[in-house]
1. Among the residues of segment 42-51, count how many are within 10 Å of the chain's Cα centre (by Cα) and assigned to a loop (DSSP other than H, G, I, E, B).
2. Just give me the residues in segment 69-82 being surrounded by 15 or more Cβ atoms within 10 Å (Cβ to Cβ) and more than 24 Å from THR30 (Cα to Cα), in sequence order.
3. Quick one: in segment 27-68, which of the residues that are over 19 Å from LEU8 (Cα atoms), among the polar types (S, T, N, Q) and surrounded by 11 or more Cβ atoms within 10 Å (Cβ to Cβ) is modelled with the highest pLDDT?
4. Scan segment 21-38 residue by residue and report those that are closer than 20 Å to LYS68 by Cα and not small (Gly, Ala, Ser).
5. Just need a number here: residues in segment 19-77 that are in contact (Cβ under 8 Å) with a residue 24 or more places away in the chain and among the aromatic types (Phe, Trp, Tyr).
6. May I ask you to verify whether THR7 is among the polar types (S, T, N, Q), modelled with pLDDT under 85 and surrounded by 15 or more Cβ atoms within 10 Å (Cβ to Cβ)?
7. How many residues, within segment 59-78, are among the hydrophobic types (A, V, I, L, M, F, W, C) and either in a strand (DSSP E or B) or touching a Leu at 6+ places or on another chain (Cβ under 8 Å) (or both)?
8. I'd like to verify a number: residues in segment 2-57 that are among the hydrophobic types (A, V, I, L, M, F, W, C) and on the phi > 0 side of the Ramachandran plot, how many?
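The values are calculated or read from the model by the stated rules, or taken from the named source; none is laboratory data. It should be emphasised that the depicted structure is a prediction, and the values quoted were computed from it without experimental measurement. Note that each Cβ is placed from the backbone with ideal geometry, even for glycine, and that neighbours are counted across all protein chains shown.
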Amino acid sequence: MNQDRLTLLYVLNGSGATRTITIPAQKTTTSATGFGKVTKGDYVRTIAAGKPALLGPFESCYEDANGKITVNADSVTTVTAVPIHINKTTTPS
């Protein structure tokens with residue numbers, strides 16, 4: 001999935017158990033305006049049984065060298081993940 005800060009990830013947990021989705025940080029140290037260097041951890045979300053979740057948008061620290069992110073689930077059985085790209089819009093002048 002290409003990560004451009006306008007990409008969200010819709011995840012549906014169709015199982016009867018809670019599932020954990022992890023997006024590992026590729027760069028664990030980054031700069032934040034007003035804060036200097038900050039440490040970034042993995043993006044981890046728990047999704048209740050039978051429930052959907054909307055994850056993201058994702059910061060550049062989750063991108064690999066090819067501009068993609070990795071999505072890991074503790075179990076992939078009955079878990080559906082779909083990237084949603086939101087087009088940039090401009091305000092007319």
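1. Keep residues of segment 42-51 that are within 10 Å of the chain's Cα centre (by Cα), which gives 42-45.
Filter again for assigned to a loop (DSSP other than H, G, I, E, B), leaving 42.
Adding up the residues that qualify gives 1.
2. First, the residues of segment 69-82 that are surrounded by 15 or more Cβ atoms within 10 Å (Cβ to Cβ): 69, 71, 73, 79, 81.
Scanning segment 69-82 gives ALA73, VAL79, ALA81.
3. The residue in question is THR28.
4. Of everything in segment 21-38, those that are closer than 20 Å to LYS68 by Cα and not small (Gly, Ala, Ser) turn out to be ILE21, THR22, ILE23, PRO24, GLN26, LYS27, THR28, THR29, THR30.
5. Of the residues in that region, 2 qualify.
6. Working: among the polar types (S, T, N, Q): yes; modelled with pLDDT under 85: yes; surrounded by 15 or more Cβ atoms within 10 Å (Cβ to Cβ): yes.
Answer is yes for this residue.
7. From segment 59-78, those among the hydrophobic types (A, V, I, L, M, F, W, C) are 61, 65, 69, 71, 73, 76; that's our starting set.
Then drop every residue that is not either in a strand (DSSP E or B) or touching a Leu at 6+ places or on another chain (Cβ under 8 Å) (or both), which leaves 71, 73.
Selection size over segment 59-78: 2.
8. Initial filter on segment 2-57 (among the hydrophobic types (A, V, I, L, M, F, W, C)): 6, 8-9, 11-12, 17, 21, 23, 25, 32, 35, 38, 44, 47-49, 53-55.
Then keep just the ones that are on the phi > 0 side of the Ramachandran plot; that gives none.
Residues that pass the stated criteria total 0.
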